[in-house]
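First the structure, in the form of structure tokens, and then the observations on it.
Just so it is clear, none of the values below were taken in a lab; they were calculated from the coordinates. Not measured: the values here are computed from a predicted model. Cβ placement follows ideal geometry from the backbone for every residue including glycine, while neighbour counts extend to all protein chains displayed.
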Amino acid sequence: MINRRNFLKKSIALGTGAALSRFPFSENKTHILTLSFDDGFKKSFYRIAEIHENYGLKACLNVIATGHFKSFNTDPQWMPREILGNFDDWNTLKQRGHEIMPHTWKHLNLTQIPVKKAKRNIDKCLAYFEKHLEGYSSENAVYNFAYNASTTELEDYAMQKVKAVRTGGWLLLKDKKVNPIPVNDASQRLGCWGYGPGFCDNYTEQEVNTFLQSEGGWLILNLHGLDNEGWGPVSTGYLDGLLKRLTKIEHLDVMPTGEVLRKWS
Ligand SMILES: [Zn+2]
């Protein structure tokens, strides 16, 4: 019902009372899916971009500000520095039309460090993106918390500077699973879901199928690398087949988070 209620709310606000089927901005899309890829694996992210391009889609890619620094050493088991890309890569992919968004300063769990330091990490991350990613502006950005770990205070802090924050769905949505489709340009708290550390193909398949059979909304699945890269990887063949199938579904939009906010709000 979330979806329908939002439609109705917007109808009333516009004073149109338009029937759902004639709703002007929806293009009859009732379901939005974002596959939100984290961490910035160089090889995987180029391949993910290429697969999306093959189906006329834009990839949602979230990268760590300092992942390419020699000093970067967070979770080397899942994010070894040698396989992470740098801002030349991210600028290249952005120029090809993909969405590159901030995924923290150095991938710390901000709920486990002093609040003051956590806020400084958010500031440093956004400043780095402003300086090194062409065409980026924080006011249109989605800040993606590492480990999808946040507190209301940290979300509020980030939302003073960015358009939206993405964090754990379990923190915001509980058993609802989906975010409402945005109806205005207010700042957003977005909840996402993921699975790991093993392959997440089966999990993704199940979540997407359940979502497609539901009344709709905006499902954000948090993925990482392809095949042997990253925590909870998705296999290349599975991702390719999934996007091929999904782009044939008329009532579904597959797009990056920032683009959803631009299009729908
Ligand atoms: Zn991450």
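Using the Cβ-Cβ distance between residue 113 and residue 212 with R0 set to 51 Å, the FRET efficiency from 1/(1 + (r/R0)^6) comes to roughly 0.85.
Run the numbers on segment 29-264 and let me know its relative contact order in percent, using alpha-carbon pairs under 8 Å that are six or more apart.
28
Share of antiparallel DSSP beta bridges in the chain, in percent to the nearest 5?
Expressed as a percentage, antiparallel bridges in the chain total about 5.
For the peptides 32-45, 80-93, the ranking by packing is 32-45, 80-93, with the highest mean count of neighbouring Cβ atoms within 10 Å listed first.
With contributions of -39500 (n - 2.57) from each DSSP H run of at least four residues, the per-residue ellipticity at 222 nm computed over the chain stands at -11000 deg cm²/dmol. Our summary gives segment 129-265 a relative contact order of 20 percent, counting only alpha carbon pairs under 8 angstrom and 6 or more residues apart. From the cross-link list 176/244; 29/263; 58/263; 176/248, which pairs have alpha carbons spaced over 19 Å apart? 176/244; 176/248, as the Cα separations exceed 19 Å there.
Restricting the GluC sites (Glu not before Pro) of segment 26-64 to loop positions (DSSP other than H, G, I, E, B) with no more than 12 neighbouring Cβ atoms within 10 Å leaves 27.
Mind pulling up the Rg/Rh value for segment 29-264? Radius of gyration and Kirkwood radius, both on Cα. Don't skip to the end; give the middle numbers.
Working: Rg = 16.3 Å, Rh = 17.6 Å.
Ratio of gyration radius to Kirkwood radius: 0.93.
Every pair of different Cα atoms in segment 138-243 enters the Kirkwood calculation, which places the hydrodynamic radius at 14.8 Å. A simple packing score, the average count of other Cβ atoms within 10 Å per residue, orders the peptides 159-167, 69-77 as 159-167, 69-77, with the highest score first. Rounded to the nearest 0.05, the FRET efficiency derived from the C-beta distance between residue 81 and residue 199 at R0 = 25 Å is 0.60. Which of the lysines could a cross-linker bridge to residue 124, judged by Cα under 18 Å and excluding same-chain residues fewer than eight apart? By straight Cα distance, residue 124 reaches 70, 106, 116, 161, 163. Once the Cβ-Cβ distance of residue 247 and residue 134 is raised to the sixth power relative to R0 = 22 Å, the FRET efficiency obtained is 0.20.
Amide H contacts for residue 218 (H built 1.01 Å from N in the peptide plane; partners 5 or more residues away or on another chain; cut-off under 5 Å): 32, 179, 181.
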